[in-house]
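Trainee: Sharing a structure, written as structure tokens. Questions coming.
Values quoted throughout were computed directly from the atomic coordinates according to the rules given, and no laboratory measurement underlies them. Given the structure is predicted, the values throughout are model-derived calculations rather than measurements. Here the Cβ positions follow ideal geometry from the backbone for every residue, glycine too, while neighbour counts run over all protein chains shown.
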């Protein structure tokens with residue numbers, strides 16, 4: 001029997017008590033927004049959506065046209081339903097409060113509207129990442145501080161990857177589930193459940209062009225991988241790097257591997273490049289729910305207490321035994 005995303009969420013609410021009606025509605029709206037973004041992405045040059053918007057986001061990065069379109073789609077889809085109090089986006093400097101003309105809910109939504117923007121114009125997989133938090137009960141007026149919760153406080157997280165298929169990946173804290181968009185039906189259908197990542201792997205993903213800037217533990221790990229079966233690891237490794245976190249993480253959830261975006265000395269005052277709230281936290285929870293591990297090299301990412309909305313972090317995630325080894329190297333043991 002084919003199970004749609006809507007049916008899956010209703011069953012999670014009705015039979016297992018894993019989510020509230022408001023959270024179910026929120027996730028269905030996010031999924032509909034992802035379908036809209038997928039449609040725009042698929043049009044590509046035909047929809048005149050490729051190329052730069054010639055503007056910069058709060059991160060100081062040049063925005064693509066699709067970055068802005070995806071951000072607007074997610075806001076417009078979610079602001080009126082009554083399930084949210086506020087949103088935060090990697091593309092916006094501050095939080096977005098639900099307008100007063102709409103009812104307010106008890107949840108906070110964070111998202112990276114279009115991860116992997118550098119791949120848009122060359123037709124490589126990109127995606128949307130989202131994270132859901134509960135608004136603090138004692139908060140009468142939502143502020144940026146309400147969003148500064150550790151990743152362990154998430155109540156739902158996931159991503160949608162726009163590739164050869166459009167796939168929505170979701171966790172509610174009880175495993176990882178994958179849904180594939182059936183364009184004829186217009187529905188996300190359950191295609192994998194209780195995804196598990198192998199604890200061991202022979203694949204790593206990292207931007208090797210930055211090798212000269214890494215700190216010693218990362219260099220040591222990669223050097224050992226490159227020595228292959230003749231080195232201390234005793235096995236040959238393959239390298240994969242798509243330069244789109246959604247696509248790299250999706251590969252790891254599908255067949256294992258380890259993904260690294262470490263600190264490097266080009267910008268020594270920044271702990272990393274990836275954003276804790278919009279990328280690292282939701283992806284780390286998905287990876288852990290699938291039996292993997294995720295650290296910043298020294299501590300579990302989901303335990304990090306955010307200090308700012310756009311805080312950055314080093315990321316090492318994927319197959320558990322590889323992440324543990326990398327963490328040991330960072331800790332000097």
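Trainee: Quick one: angle between helix 216-227 and the longest Cα principal axis of the chain, in degrees between 0 and 90, rounded to 10, please.
Mentor: Roughly 70 degrees, rounded to the nearest 10.
Trainee: So, one more: In whole Å, what is the distance between the alpha-carbon centres of region 115-146 and region 214-231?
Mentor: 34
Trainee: Is the shape of region 5-192 best called rounded, prolate or oblate, per the rule: a/c under 1.5 gives rounded, else a/b larger than b/c gives prolate, else oblate, with a ≥ b ≥ c the square roots of the Cα gyration tensor eigenvalues? Don't skip to the end; give the middle numbers.
Mentor: Working: a/c = 1.90, a/b = 1.17, b/c = 1.62.
The shape class here is oblate.
Trainee: Going by C-beta contacts inside 10 Å, put 263, 80 in order with the fewest on the left.
Mentor: Fewest-to-most Cβ neighbours within 10 Å comes out as 80, 263.
Trainee: Working from the alpha-carbon coordinates of region 203-331, get Rg over Rh, Rh being the Kirkwood radius. Intermediate values should be presented prior to the final figure.
Mentor: Numbers: Rg = 13.8 Å, Rh = 14.7 Å.
For region 203-331, the value is 0.94.
Trainee: State the dimensionless ratio Rg/Rh of region 213-260 (Rg: radius of gyration of Cα atoms; Rh: Kirkwood radius).
Mentor: Numbers: Rg = 12.1 Å, Rh = 11.9 Å.
Radius of gyration over Kirkwood radius for region 213-260 works out to 1.02.
Trainee: I would also like to ask the following. To the nearest 0.05, what FRET efficiency results for residue 267 and residue 43 with a Förster distance of 30 Å applied to their C-beta separation? It would help to have the intermediate numbers written out before the result.
Mentor: Working: r = 36 Å, r/R0 = 1.19.
That gives a FRET efficiency of 0.25.
Trainee: Turning to a different aspect of this structure: So what are the radius of gyration and Dmax for the Cα set of the chain, in Å?
Mentor: Final numbers for Rg and Dmax: 19.4, 66 Å.
Trainee: Any chance you could list the semi-axes, whole Å, largest first, of the equivalent ellipsoid that the Cα gyration tensor gives for region 76-116, using √(5λ)?
Mentor: Working: eigenvalues 75, 19, 15 Å².
Working through the eigenvalues yields semi-axes of 19, 10, 9 Å.
Trainee: State the antiparallel share, in %, of DSSP beta bridges confined to region 203-331, rounding to the nearest 5.
Mentor: Details: 11 of 15 bridges.
If we restrict to bridges inside region 203-331, about 75 percent are antiparallel.
Trainee: Can you give the FRET efficiency to the nearest 0.05 for residue 104 and residue 240, using r as the Cβ-Cβ distance and R₀ = 41 Å?
Mentor: Working from the Cβ atoms, E equals 0.40.
Trainee: Moving to a separate point now. Set the Förster radius R0 to 45 Å, insert the Cβ-Cβ distance between residue 215 and residue 4 as r into 1/(1 + (r/R0)^6), and round the FRET efficiency to 0.05.
Mentor: Efficiency, from the Cβ-Cβ distance: 0.45.
Trainee: Share of antiparallel DSSP beta bridges in the chain, in percent to the nearest 5?
Mentor: Restricted to the chain, the bridges split so that about 85 percent are antiparallel.
Trainee: Let me ask you something else. Take the chain, connect every pair of alpha-carbon atoms lying under 10 Å apart with a spring to form a Gaussian network, then pick out the residue of 78, 296, 119 with the largest mean-square fluctuation.
Mentor: Result for the chain, Cα springs under 10 Å: 119 fluctuates most.
Trainee: Rounding to the nearest 10 and keeping the result within 0 to 90°, find how far the Cα-based axis of helix 5-14 lies from the longest principal axis of the chain.
Mentor: The angle comes out at about 80 degrees.
Trainee: Restricting to DSSP H runs of at least four residues, report the calculated mean residue ellipticity at 222 nm for the chain, -39500 (n - 2.57) per run over all residues, nearest 500 deg cm²/dmol. Please report the intermediate quantities before stating the final value.
Mentor: Working: 7 runs with 91 residues, N = 333.
Value at 222 nm, helices only, nearest 500: -8500 deg cm²/dmol.
Trainee: Helix 65-78 versus the longest principal axis of the chain: what angle, 0 to 90°, nearest 10, using Cα atoms?
Mentor: Orientation of helix 65-78: about 50 degrees from the principal axis.
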